[in-house]
1. Regarding the stretch B:199-208, can at least one residue be identified that is within 12 Å of chain A (Cβ to nearest Cβ), under 25 Å from A:ASN100 (Cβ atoms), in contact with a Phe, Trp or Tyr (Cβ under 8 Å, 6 or more places away or on another chain) and of a type in the set (A, V, I, L, M)?
2. Could you tell me which residue of the stretch A:10-27 is farthest from the other protein chains (Cβ to nearest Cβ), considering only residues that are of a type in the set (Asp, Glu) and under 32 Å from the mean Cα position of the chain (by Cα)?
3. Can you name every one of the helices (runs of 4 or more DSSP H) wholly within the stretch A:28-82 that holds 3 or more residues which are within 13 Å of chain B (Cβ to nearest Cβ)?
4. Tell me which of these B:SER76 doesn't satisfy, since it passes every other one: (1) within 19 Å of A:LEU38 (Cα to Cα); (2) not in a loop (DSSP other than H, G, I, E, B).
5. Does B:GLU52 satisfy the condition of being under 21 Å from B:PRO149 (Cα atoms), assigned by TED's automatic domain parsing to the domain that holds B:ALA98 and of a type outside the set (Phe, Trp, Tyr)?
6. Within the stretch A:82-100, does at least one residue satisfy the condition of being within 20 Å of B:LEU36 (Cβ to Cβ) and in contact with a His (Cβ under 8 Å, 6 or more places away or on another chain)?
7. I'd like the full set of residues that are loosely packed, with under 14 Cβ neighbours inside 10 Å and touching a residue at least 60 places away in the same chain (Cβ under 8 Å), limited to the stretch B:4-58.
Amino acid sequence: MTSHQHSTVPSDPELRVKSLESLLVEKGLVDPKALDELVDLYETKIGPRNGAKVVAKAWKDPEFKKYLLQKPTEAISSQGYRGRQGENMKVVENTSNIHNVVVCTLCSCYPWPVLGLPPVWYKSAPYRSRVVSDPRSVLEEFGTFLEEDVEIRVWDSTSEIRYFVLPEAPKSFHKKTLQQLESMVTRNSMIGVEKITDPDNPL
Amino acid sequence: MNSAHDLGGRHGFGLVAPESEQSEPVFHTDWERKALALTLATGFLGRWNIDESRHARESQHPVDYLRQTYYENWLSGLEKLLVEKGLITEEELKTGQALSKTNEELLSRVLKAEKVTEAIDKGGSSNLEIDTPPVFQVGDRVQAKNHHPLTHTREPGYVRGRKGLIEAHYDSHILPDDNSQGKRTGEHLYCVRFEATELWGKDSTSQHFVYVDLWESYLDRA
């Protein structure tokens with residue numbers, strides 16, 4: 001790595017962050033308590049359990065499902081999830097013959113109010129580079145094997161529209177309570193890299 | 001700009017190797033927590049927008065962009081913006097010591113702890129109404145422009161020159177290309193459906209479509 005000119009190798013990010021934080025606090029540009037509050041929000045309150053509640057409700061309540069597909073931002077907001085990185089939501093529905101999967105090839109756009117902050121793999125070069133061109137092999141890495149005739153729709157989040165997958169309901173959904181269904185909804189199924197595993201009807 | 005961030009269709013990055021959903025923490029180190037919080041908090045000062053933020057990360061040397069972790073890229077972008085926008089000086093960044101006072105106007109914009117939830121809940125919409133009607137309708141056949149701006153754009157390289165169908169019209173939104181240069185322009189936004197064979201050639205898998213959100217100025221009628 002000597003043939004190109006790029007900035008000198010940055011120092012340890014831990015030291016850089018510490019130094020920047022103390023500088024910004026000293027200059028009054030950030031409120032240290034606000035920093036803690038932001039971290040707490042994304043570490044304990046805004047995460048994929050929010051999305052799981054929305055999905056379970058959509059499975060149980062056909063009227064809500066219709067609302068969710070037609071006016072996604074409004075429907076999600078009606079459940080208390082709204083705001084930053086979810087201002088314009090679009091919900092795409094997985095069925096037995098259509099499988100949707102979401103990516104942001106250019107950065108890491110992700111529907112924060114319903115899923116929280118994205119996992120490392122979602123932001124990584126392997127996922128961002130390959131899922132648009134070779135989605136089947138990427139899905140297989142998540143243990144998701146789709147039949148040949150299933151149509152795959154990959155949504156590249158290049159604008160501020162945030163995509164959210166409504167996974168296919170488990171076959172036993174009518175026998176389950178809302179809470180039981182919620183606990184079956186994984187984050188990965190709402191990104192579209194996995195299907196819902198039904199303990200009563202294992203594959 | 002055609003840099004390392006524009007990853008769609010690139011080869012050589014290997015397997016995704018996802019960490020298990022059950023065990024992956026939201027943050028992997030304490031400094032990642034701070035990198036996120038500092039980025040969000042300083043964003044509320046209103047000195048830059050989301051596209052300037054993205055552009056700051058993308059315009060690093062591609063080797064740095066690819067070698068660094070995600071939050072390191074955020075940190076590099078943040079340092080760059082803070083200096084470029086005059087909130088801190090190079091000297092202050094280097095030493096970590098404040099050498100000048102922050103002006104009152106800026107201090108009045110600082111995000112306070114008690115306002116955090118409200119500010120996050122409120123978000124910031126990218127919708128921007130314009131007077132002109134949309135040029136394209138759902139079902140129209142379009143071709144993504146083959147252009148290569150040196151500045152920020154949200155038209156990924158892999159769709160340029162490729163043909164697709166308008167799947168949806170999403171009203172008018174702030175155009176990222178102008179926004180990254182500090183100029184707020186509204187433009188109609190569309191979702192365009194591309195067949196995999198159009199993007200990746202005849203050997204690509206069938207029953208595979210890629211949907212990409214593209215602004216009106218990225219498109220020609222095909």
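The values are calculated or read from the model by the stated rules, or taken from the named source; none is laboratory data. In this text the structure is predicted, and so the values were computed from the model without any measurement. As a convention, Cβ positions derive from the backbone with ideal geometry for all residues, glycine included, and neighbour counts pool all protein chains shown.
1. Within the stretch B:199-208, one or more residues are within 12 Å of chain A (Cβ to nearest Cβ), under 25 Å from A:ASN100 (Cβ atoms), in contact with a Phe, Trp or Tyr (Cβ under 8 Å, 6 or more places away or on another chain) and of a type in the set (A, V, I, L, M).
2. Restricting attention to the stretch A:10-27, the residues satisfying the condition of being of a type in the set (Asp, Glu) are A:12, A:14, A:21, A:26.
From the residues that got through so far, the ones that are under 32 Å from the mean Cα position of the chain (by Cα) too are A:12, A:14, A:21.
On the way: A:ASP12: 9, A:GLU14: 4, A:GLU21: 6 Å.
Looking at residues that are of a type in the set (Asp, Glu) and under 32 Å from the mean Cα position of the chain (by Cα), I get A:ASP12.
3. It comes to A:32-40, A:48-60, A:72-78.
4. (1)
5. Working: under 21 Å from B:PRO149 (Cα atoms): yes; assigned by TED's automatic domain parsing to the domain that holds B:ALA98: yes; of a type outside the set (Phe, Trp, Tyr): yes.
So B:GLU52 passes the test.
6. no
7. The one that is loosely packed, with under 14 Cβ neighbours inside 10 Å and touching a residue at least 60 places away in the same chain (Cβ under 8 Å): B:GLY46.
This table checks each residue for (1) surrounded by fewer than 17 Cβ atoms within 10 Å (Cβ to Cβ); (2) within 8 Å of another protein chain (Cβ to nearest Cβ); (3) over 30 Å from A:GLU37 (Cα atoms); (4) in contact (Cβ under 8 Å) with a residue 60 or more places away in the chain.
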{"site": "B:ALA113", "(1), (2), (3), (4)": "yes, yes, no, no"}
{"site": "B:ASP140", "(1), (2), (3), (4)": "no, no, yes, yes"}
{"site": "B:GLY161", "(1), (2), (3), (4)": "yes, no, yes, no"}
{"site": "B:ASP178", "(1), (2), (3), (4)": "no, no, yes, no"}
